[in-house]
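Where a number appears in this text, it was derived from the coordinates with a stated rule and is not lab data. Note that the structure is predicted; figures quoted are calculated from it, not measured. Cβ placement follows ideal geometry from the backbone for every residue including glycine, while neighbour counts extend to all protein chains displayed.
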Amino acid sequence: MDYIIRAPQSLDMIPSTWYNILPDLPERIPPMKTPNGETVKPGMLEPLFARELIRQEFSMERYISIPSKLRRLYMELGRPTPLLRARNLEEYLDTPAIILYKYEGVTPTGSHKVNTAIAQAYYSRLEGVKRLVTETGAGQWGSALSLAGALMGIRIRVYMVRVSYYQKPYRRIIMELYRAEVYPSPSNLTNTGRMFLKKNPDHPGSLGIAISEAIEDALSDQDTKYALGSVLNHVLLHQTIIGLEAKKQLDELGLYPDIVIGCVGGGSNFAGLTYTFIHDKLKGSSNTRFIAVEPLSIPTMTKGIYRYDYGDSAGLTPLIKMYTLGHNYIPPPIHAGGLRYHGLAPSLSILLKNRIIEAKPYSQVDIFSAAQLFAKTEGIIPAPESAHAVKAVVEEAIKAKENGREIVILFNLSGHGLLDLAGYDEYLKNNIK
């Protein structure tokens, strides 16, 4: 007899489509370019990506179907994720605001990244890909793709930003448990890595360098493709399952958000929650505010320039028009490794340019302080990346109290921080600058 008690789940609980924001943007995204100015055609990306992912990248369909097998995998990996109310935080702040958060930390690897990792691995496997290579900052994306590779029977190699490789050894261990190869970047495996190590043997690395190494690796083997954790449209598209679920959950409560908040590196978790609601604003049916939060030390949105730039440090990617600090920018080694990227997703750049979203920067000390407050009131320790969103939530909840406004604040707690305790230890010892 089967004594296993299973939670009541069905495919009806999982969205059947992803939302594609491209047809609803206030202006078209400028096309990707080659260094000589030629417009990048879909076929030019086939050495890097599975064909279905390329189709999704360029698609102007508003809704793209999620295959039933992939929806079942989503369900088995913990979707739909819970929408929770931060009642204790509300009481502590004595605010009239209702604070709700979509908690992506319940997935096996503890973050939202698996939403696109499993999709990219699924489509790659269908097309006979035997190996995927990628980069990772804090290790959340690398962990997610490593899991997806294990489930799909695809070998995985991860170039992990060197400073995070040593700051977050448990992320590396998770990847290796899933049988992935993990190397600190810059590494000696690629020409790009050797070039940066020659300049500085103790180079801390960057996502831009790790992307260059992964792309160089992928292009060297016809059975290998590249997988990306953020920035491009097909990646953000897969993450919209977060917002689609949240909207349905809010409908069941009879609520709609006045403010939606998320942290931003490249833009995937912010887009994942917000794009479904931004659709309503673009159609004129809501006045919701959208707050995108970034590190003060990596101010891509608040100090970056909107221009064409490479997505990687070695200039192997096409030129992408986005807000950027420059592909040669080497970010400081902050603990929110997932936000250490020089550029912003093209679709999100359009929304920032047209002031559909607001951008706010915060310091490491401020975000760890907010994270500690959230932990002691709600019990969940946020990832340092998500702690940026928590900081903005606290500020907006206090403003609601000062203004006597009963508002609904929704944010994306995109991952837990149980593997980021070294950063919290530094904060508690007053060693965070």
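Potential lengthening of the chain between residue 106 and residue 130 amounts to 5.8 nm, from the contour at 0.36 nm per residue minus the alpha-carbon distance. Per-residue ellipticity at 222 nm, computed for the chain from helices alone with -39500 (n - 2.57) per DSSP H run of at least four residues, works out to -12000 deg cm²/dmol. Over all pairs of different C-alpha atoms, region 156-308 has a mean inverse distance whose reciprocal, the Kirkwood radius, equals 18.1 Å. Fewest neighbouring Cβ atoms within 10 Å first, the residues 279, 238 line up as 279, 238.
Ordered by the count of other Cβ atoms within 10 Å of each Cβ, fewest first, 45, 418 give 418, 45.
Across q = 0.14 Å⁻¹, region 15-85 modelled as identical point scatterers on its alpha-carbon atoms has Debye log10 I(q)/I(0) values of -0.64, in the order of the q list. Against the compact-protein benchmark of 2.2 N^0.38 Å, the Cα-based radius of gyration of region 81-200 scales to 1.34. Over all Cα atoms in the chain, the spread is summed up by Rg and Dmax: 20.3, 67 Å.
Region 53-119 and region 354-432 have their alpha-carbon centroids 18 Å apart. The simple Förster model, with R0 at 30 Å and r as the Cβ-Cβ distance, assigns residue 60 and residue 181 a FRET efficiency of 0.20.
Pairs of C-alpha atoms in region 194-246 farther apart than 17 Å represent 56 percent of all such pairs. Counting other Cβ atoms within 10 Å as a rough exposure proxy, the listed residues 171, 55 run 55, 171 from fewest neighbours to most.
Distance from a point 7 Å along Cα→Cβ of residue 376 to each backbone N in region 69-111: keep the residues under 19 Å and list them by number. Answer for region 69-111: 86-95.
If R0 is 30 Å, the Cβ-Cβ spacing of residue 222 and residue 28 corresponds to a FRET efficiency of close to 0.35.
Using 0.36 nm per residue and subtracting the Cα-Cα separation, the extra length available between residue 354 and residue 398 on full extension is 13.1 nm.
Taking max minus min of the alpha-carbon positions on each principal axis, region 147-244 gives extents of 46, 29, 27 Å, largest first. Beta bridges per DSSP, both residues in the chain: antiparallel share near 35 percent. Between region 282-302 and region 121-196, the alpha-carbon centres lie 30 Å apart.
Length available on full extension from residue 44 to residue 365: 0.36 nm per residue minus the Cα-Cα distance, which gives 111.2 nm.
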